[in-house]
Amino acid sequence: MSGRHIPADKINLRLILVSGKTKEFLFSPSDSAGDIAQHVFDNWPEDWCQEAVSKAEILRLIYQGRFLHSNVTLGALGLPFGKTTVMHLVPRENLPEPNSQDQRQKSKGGNSSCCSASCCIL
């Protein structure tokens, strides 16, 4: 989509807001989610003025459906260098409580998406 050259030692993040607006930023693999939130806050794009937030600490990154904690680095996520990775950027005071155990229990539980009748193939 963009004709911009991405250095081989950098990671290009395409950040998407809830409104659908996007912007790309270059980061190092050692940059953390907290560093990214601070950088974006400090360099807030003009065309994002309606989505402006009061402080960097409420900006949260979502990658592959999961909120990133502020100390996780891009390198730790195994993102490819010299490429563009898409993440969502949302304002949120607190991260949701981890519930992966709850989700696993629900998926293993008795609530099947199939009907309750027995099926027989003839």
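The values are calculated or read from the model by the stated rules, or taken from the named source; none is laboratory data. This one's a predicted model, so the numbers in the text were calculated from it and none came from an experiment. Quick reminder, even Gly has a Cβ in these numbers, built from the backbone with ideal geometry, and neighbours come from all protein chains shown.
Of the strands (runs of 3 or more DSSP E) lying entirely inside the range 4-74, those carrying at least 2 residues that are surrounded by 12 or more Cβ atoms within 10 Å (Cβ to Cβ) and among the aliphatic types (A, V, I, L, M) are 11-16, 59-63.
This table checks each residue for (1) at pLDDT 95 or above; (2) among the charged types (D, E, K, R).
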| residue | (1), (2) |
| --- | --- |
| V53 | no, no |
| R60 | yes, yes |
| H69 | no, no |
| V72 | yes, no |
| A76 | yes, no |
| V86 | yes, no |
| P96 | no, no |
| N99 | no, no |
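Taking the range 33-80 on its own, how many of its residues are at negative phi, free of Cβ contacts under 8 Å to residues at least 24 places away in the same chain and of a type in the set (S, T, N, Q)? Count: 3.
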